[in-house]
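The values are calculated or read from the model by the stated rules, or taken from the named source; none is laboratory data. For clarity, every value in this text was computed on a predicted model and none was experimentally measured.
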Amino acid sequence: MSLKNLTGKTVIKNIRFSYTLLKQIEQVMEKENTRNFSAWVKEACREKALQCNSSREVKKTKN
């Protein structure tokens, strides 16, 4: 990771989206009446991370 991508508490990551996925995201954003793509993607990532962490916790308690 290059140092130019680092700021105080954040890091810049570049990502490619397929046209199909980008179109789906834009449609959802329109339905949600939001225009902040970056915030939308961050929230989707947070939700996925929480979902993965929750499913791991459930697996731990079953064992």
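Taking the stretch 1-28 as the range and being of a type outside the set (Ser, Thr, Tyr), part of a helix (DSSP H, G or I) and modelled with pLDDT of 95 or more as the test, the residues that pass are Leu21, Leu22, Lys23, Gln24, Ile25, Glu26, Gln27, Val28. The residues of the stretch 28-59 that are over 18 Å from Phe17 (Cα atoms) and among the hydrophobic types (A, V, I, L, M, F, W, C), listed by number, are Ala49, Leu50, Cys52, Val58.
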